[in-house]
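See structure below.
Quick note: the coordinates plus some simple rules give every number you see, no bench work behind them. Not measured: the values here are computed from a predicted model. So basically every Cβ, Gly included, is an ideal-geometry build from the backbone, and we count neighbours across all protein chains shown.
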Amino acid sequence: MSNTGSLPIRIFSKDILAAVKNNDVIVVIGETGSGKTTQLSQILYEAGYASDGMIAVTQPRRVGAVTVAKRVAEERGVQLGREVGYAVRFEDCSSSATRIKYLTDGTLLRECLEDPQLKRYSIIVLDEAHERSLNTDILFGLLKRLVRSRNTQRAKEGETEAGSSSSRARRLKLVITSATLDGEKFSAYFGNCPVFNVPGRCFPVDIIHTLEDHLSDYVSAAIDTVMQIHTSQPDGDILMFLTGQAEIEKAIGRIHQAVASLPAGSAGPLVVLPLYASLPPELQVRVFRPAPEGTRRCIVATNVAETSITVEGVVYVVDPGVVKQKSYQPASGMDSLDVVAISRVQATQRAGRAGRTKPGKCFRLYTRTYYEHKMPNVTAPEIQRSSLVGTVLYLKSLQLEVDVLNFDFLDPPAVGALEDALRQLLVLDALDSDGNVTPLGLRMSGLPLEPALARALLAARELGCVREMISVAAMLSSEHVFLAGQGPGDVAAGDHPHGQDSRRYVGLGDHVLLLRLWEGWEAAGCSREFAREYGLDLRGLNFARDIRRQLDGRQQRPSSPQCRWGGGTAPGAARASAAQVDALRHVLTIGFANKLARRLPRHNGYKTLHAVSGQLAQLHPSCAQLREDADGLLPEFLVYHELVATSRPFLRQVCPSRAEWVADVLPKIMSADVRRLSQGSSRGLGGAAGSGQPRSPGGGDGGGGGDRGGA
Ligand code: CDP
Ligand code: MG
């Protein structure tokens, strides 16, 4: 194990503790690898901050929370889940003995719903704040209020019943950590709180720009650069940034080929390792092991290696200047995942990775002119490029006294994105026409599911398919039920996990296929063979089983007044009836009312049913098979899980709906008026441009007004 005592955060622990003692909020800036994530919690623990409450450390990513908790438990020589634990969605590895708890920012938000004062924590570390994840941004606003309210409450109590014990509100402290130099911005937001800069130990990094920009074929340029470094530069590992899993795996193949074709003896051995967030943890830890003597390592990574994972031994960085970034267009509801230019802040971070152990070099595959004049300064925070449906429902459920538009955001989202979220929540009956959260909306936000799935699950109680909907929600929530390179489209119609019994499942799209696979796997005793035969990932299925159990537990919790099993199915019965498969499709239509599409006349293209702007889109090739009619036409109405723009707009993960079900929700879709919803009173959106004027049903899709929806 490395000597953690020499990490910069450890060296400055006295000063950090003094700052924490004297202030309710502090910002700690320290370069990546200085020990913020693994050491700060332990320093606070050792100073007694966990004696009357837990220490929470938030992480933007699930894997981050889990691997760091493991590491810290190891460093302290304790069993994970005892003194050191973690909590992420669907997985709680903490106990009453836990003093240091790593949790995702989303999990801490969820805990706020049940305990708005977060009473069990004495100190909260908002870690990796530079990432500006959507949930961390919301926590900024909530914790700012909470620190104030808990500490004033405590001060008042102190005046009246001095010295009294357990019922007193505990003081709450907040530490914000960042790897980039954005401390002033955080500090200004938190009333000019002190910023503590942990001096880094960075060696100089020589930055080499190319003479031409290589942004169009950056993969080839990056591979060439790696080979040049390997054949001409002294010892030291290489860190090469690419944008995603598939690209990384392909590039690794090409590097292997290039190494194999080098003349014998022209270079030493090269070990090439991938690193991306969805890589299984046991493969991820390989990057923490140093290479054997005389061997060079080349780590091909996404931007997880930029600030969250520190790879030791890197001397050369290859930076193509791009990153894959998700963005959302509220006007059409379309998600896109595009390769975009990184910001100058990111470029500096990447270069810094080369100087951790000795002087290094960073090869930028873009020109100095590009860097200085064209590269964006900073990356837009996630809150400005995401759908805000879940966030707005969450904020409404907290029933704060401010409306969502006036929430104290560090960087406010676009008004259009808030309007879009309000409109969608109205369609889902989560808000009433005054913009107040409904009892149904409160139940939705209490479920650990995205609003659409939560709405579908609540509808399933009424329509007798709770069991089926839970299975589908669990399969959708477990990220990897299919093996890499496999998808629903690869499960042929002829494959019948249920033998002749399967007719009712075939040709009904992805959700029903997921149900069929789940039931088939369960009936096969959750076997490895079944998983292999259908191209399924056993780990993902096991996770789905865990999620399923938890969702099931929530449905049956005796304290829940809505506890009602529909359809008379008992746990253990493994097959949905044809009526239940129908009901499942119906509840999906209710939950995904904001994600409906209608086929064009005599044509297998679709157009989304959207009050503002319907989008033309095709079925994604990965979709599970859909039954066609005699004319070879696909179902007229579909529910889709995602509208994505890759090369063209595509619908992904679809389920056929029916005209009569669509008719029930269509009036809501077309008339949702968001202008009154931001608060729940006459206070509107203040004349915001582009507010969603609903259009008449069927408008503009050339369907000749044949809206059965209106009927
Ligand atoms: O959060 P920050 O980037 O400041 O540093 P950290 O994640 O606490 O990492 C401190 C040191 O622990 C680095 O040298 C990491 O390489 C190392 N570490 C590790 O060896 N294994 C882990 N699972 C996490 C960190
Ligand atoms: Mg960290």
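Quick notes on this one:
- Were the residues from L398 through T369 laid out at 0.36 nm apart, the gain over their Cα-Cα distance would be 5.6 nm.
- A Förster radius of 35 Å combined with the Cβ-Cβ distance from D235 to A47 puts the calculated FRET efficiency at roughly 0.30.
- Size estimate for segment 571-610 follows the Kirkwood approach: the inverse of mean 1/r over distinct Cα pairs works out to 12.3 Å.
- In terms of overall dimensions, segment 205-379 has a Cα radius of gyration and Dmax of 16.1, 59 angstrom.
- Length released on extending from D92 to S6, taking residue separation times 0.36 nm less the Cα-Cα span: 27.8 nm
- Diffusion constant of segment 354-455 at 4 °C, which comes from Stokes-Einstein with the Kirkwood Cα-pair radius and 1.567 mPa s, µm²/s: 79
- Note on L181 and R154: the extension gain reaches 6.4 nm, defined as 0.36 nm multiplied by sequence separation minus the Cα-Cα distance.
- With 10 Å bins from 0: P(r) over segment 1-69, alpha-carbon pairs, percent: 18, 53, 28, 1
- With the helix formula -39500 (n - 2.57) applied to DSSP H stretches of n ≥ 4, the chain reaches a computed 222 nm mean residue ellipticity of -11000 deg cm²/dmol.
- Volume of the Cα convex hull of segment 96-215, divided per residue and given in Å³: 184
- Kirkwood radius for segment 387-446, taken over all pairs of different Cα atoms as the inverse mean of 1/r, rounds to 11.4 Å.
- Each principal axis of the Cα cloud of segment 260-349 was taken in turn, and the coordinate range along them, longest first, works out to 58, 29, 26 Å.
- The overall shape of segment 393-547 is prolate: from the C-alpha gyration tensor, with semi-axes ordered a ≥ b ≥ c, the ratio a/c is 1.5 or greater and a/b exceeds b/c.
- Listed residue pairs exceeding 22 Å between alpha carbons, taken from K250/K324; K324/K396; K250/K361; K185/K326; K101/K173; K21/K156: K324/K396; K250/K361; K185/K326
- Pairwise Cα inverse-distance average, inverted: Kirkwood Rh of segment 320-413 (Å): 16.2
- With contacts taken as Cα pairs under 8 Å and at least 6 residues apart, the chain reaches a relative contact order of 11 percent.
- Rounded to whole Å, sorted largest first: equivalent-ellipsoid semi-axes of the chain, Cα gyration tensor: 42, 34, 26
- Qualifying lysines (Cα of each under 24 Å from Cα of K358; at least 8 residues distant if same chain): K36
- Stokes-Einstein D for segment 56-111, Kirkwood Rh over Cα pairs, 37 °C, 0.692 mPa s (µm²/s): 309
- Considering every alpha-carbon pair of segment 1-135, the percent of pairs per 5 Å bin, from zero through the bin containing the longest distance, is 2, 10, 21, 26, 22, 14, 4, 1.
- Look at the Cα gyration tensor of segment 596-670: its axes a ≥ b ≥ c give a/c of at least 1.5 with a/b at or below b/c, and that counts as oblate.
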